[in-house]
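Q: I am attaching a structure below and will ask some questions about it afterwards.
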Amino acid sequence: MKAQIHETSLWLSETQPDVLKNQLNQILEDVNFNCLGFIENHFKPEGYTALWLLSESHLALHTFPEEGKSYIQLSCCNKEKYLLCLQQFSKII
């Protein structure tokens with residue numbers, strides 16, 4: 001297997017942690033990613049960061065509610081799953 005990483009990052013207009021977490025969990029499940037771990041942090045007074053550790057690499061989420069936007073970043077070594085995930089992301093942009 002050749003070492004190769006496919007990456008993308010996107011800005012979203014949704015900033016609600018529960019909504020984003022549910023949407024991203026569903027996308028990872030639909031694409032059949034292997035989630036090895038999950039960690040999240042709610043900042044005071046606002047803001048949220050979450051990280052899904054995947055056997056295929058990782059997905060990160062950072063919200064900026066004061067600016068009305070959120071940032072997601074996907075790194076993936078499986079091109080097929082990466083392309084499927086991009087299709088799913090287009091539904092939440």
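Quick note: the coordinates plus some simple rules give every number you see, no bench work behind them. Predicted, not measured: the structure shown is a model, and the values here were computed from it. Here the Cβ is made from the backbone with ideal geometry for all residues, glycine too, and neighbour counts use every protein chain on show.
Q: Hey, can you grab everything whose amide H is under 5 Å from the amide H of Phe38? Only 5+ residues off in sequence or another chain; H modelled, so Pro and N-termini drop out.
A: Those lying under 5 Å, H to H, from Phe38 are Leu53.
Q: In whole percent, what relative contact order does the range 30-72 give with Cα contacts below 8 Å and a gap of six or more residues?
A: Worked out over the range 30-72, it gives 30 percent.
Q: For each of Cys76, Cys35, count neighbouring Cβ atoms within 10 Å of the residue's Cβ, then give the residues from fewest to most.
A: Sorted ascending by nearby Cβ count, the order is Cys35, Cys76.
Q: Skipping prolines and chain starts, which residues have an amide H placed within reach, meaning under 5 Å, of the one on Phe33, given they are 5 or more residues away or on another chain?
A: Long-range HN contacts for Phe33: none found.
Q: Distance between the C-alpha centers of the range 1-20 and the range 75-89? Whole Å please.
A: Here the answer is 10 Å between Cα centres.
Q: Okay, next question. If each of Gln26 and Leu83 carries a label point 7 Å out from its Cα toward its Cβ, how far apart are those two points in nm?
A: Using points 7 Å along Cα→Cβ, the separation is 2.5 nm.
Q: Nearest 10 degrees, 0 to 90: what angle lies between the long axis of helix 79-89 and the longest principal axis of the chain (Cα atoms)?
A: Relative to the chain, helix 79-89 is tipped by roughly 30 degrees.
Q: Ranking request for peptides 85-93, 3-11, 51-59: highest mean number of other beta-carbon atoms within 10 Å first, then the rest in descending order.
A: Peptide ranking by packing, descending: 51-59, 85-93, 3-11.
Q: Starting from the amide H of Glu14, placed 1.01 Å from N in the peptide plane, find each other amide H under 5 Å away whose residue is 5 or more places distant or on another chain.
A: Sorted by chain and number, the residues that satisfy this are Ser70.
Q: Past 29 Å, Cα to Cα, is the threshold; run Lys21/Lys79; Lys2/Lys69; Lys44/Lys79 against it and keep the listed order. Before the final figure, lay out the partial values.
A: Details: Lys21/Lys79 23 Å; Lys2/Lys69 36 Å; Lys44/Lys79 37 Å.
Table pairs above 29 Å Cα-Cα are Lys2/Lys69; Lys44/Lys79.
Q: Along the charge dipole of the range 8-89, which of Thr15, Leu53, Phe43 sits closest to the positive end, that is, farthest toward it, with unit charges on the beta carbon of Lys, Arg, Asp and Glu (+1, +1, -1, -1)?
A: So the residue we want is Leu53.
Q: If you wrap a convex hull around the alpha carbons of the chain, what volume per residue comes out, as a whole number of Å³?
A: 83
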